Structures are given as structure tokens and as C-alpha cells.
Amino acid sequence: MELLDGTPPTNLSPLAVNSLAYALLKAGRPTDALPYARAAVAADRQSWMLGTLGETLHELGQQDEAETLLRESLSLRESYANRLALAKVCAAQQRHAEAVATADHALVAHQGPWAIHEPQKEEVRGWMRSWLMAAATRDTAQTGQPADETSEEQPELLRR
């Protein structure tokens, strides 16, 4: 594992290696990001580094390890981005109600301006709507009965 100029990640600060992993992840290159994200966490288990590795693993379909790392990240420091990544992991595992609750927690807890690289509130609400629909579809398929009407609480979640 070497950087583009031949410098091994162990010669760089964990922050620099994590930044490279995050940039690769956001550029749609999670496979390329993975070794750098792992190197950053091996050197320094900071919340944001665990979050980068967790998001990377989620994008690669490794949901169990992603969930473990994201929960560890959140136990160290609350993070809107890491909580949303955990919500996406829950949704990928077909745990839609938990995904919606986790995303809602992130929206309610978010403070300050929305960073340009973060999902915006309306985008997150769109995810929540799709997860609610997926849960209703799954419930209908399992029971053979139409899903119950949307609970009164769900529209309130999506208005926040």
C-alpha cells in the first residue's frame, strides 16, 4: 500500500492518511480508500477515522464491520455524518425502522451550518421516506396484507 508518490501511509500522519481515504471514498472509489482508512484507524482510533472506515466498508457491502466501527465512533464522539452513515448501514441490513430513528436522531442533534460534503436535511428526509416505504413493502410481502396507514408520528419525523 503506497501513496501516489511512493510514500507509505505509515510515514504520514494518521490525519493525512484518513483525509486521503475520505477523499477517495467521496470520489466514489471505496476500494481504493479502504487500505488508507484501515491504516489511519490502525495508527489512531479517533471517531472521525472510525467513521471514514465505517462508511468505506458500508459502500463495499461489509455492513456488520461497518456497523461495529460506526457505533464505536459514536461512543467516542457524536457526529451527524457518522450517525447518518450508521442509518444507511441499518437500512442496508433491512432494519428500516432503526434506520429512520437513527437518521431522525442525526437531524434533531445537528447543530450549526450544514457542511457542503454532508447530506442536506431534505436529502436525509428523502432517505427516510424511502426506508419507510421499503419497510411497508416488506411488511405487506410478509403478511399478504396491505400495510397499516402511516403512523401519525412518521409525518412529524419527516417535517423536522
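Each value in this text was obtained by applying a stated rule to the coordinates, not by laboratory testing. This is a predicted model, so every value here is computed, not measured. Cβ sites come from the backbone with ideal geometry, for glycine too, and all protein chains shown count toward neighbours.
When every Cα-Cα distance of segment 1-77 is counted in 5 angstrom steps from zero, the calculated P(r) takes the values 3, 20, 29, 26, 15, 5, 2, 0 percent. Placing +1 on each Lys and Arg Cβ and -1 on each Asp and Glu Cβ, with no other charges, gives segment 1-77 a dipole about its Cα centre of roughly 180 debye.
From least to most packed, judged by other beta carbons within 10 angstrom and beginning with the fewest, M128, M133 follow the order M133, M128.
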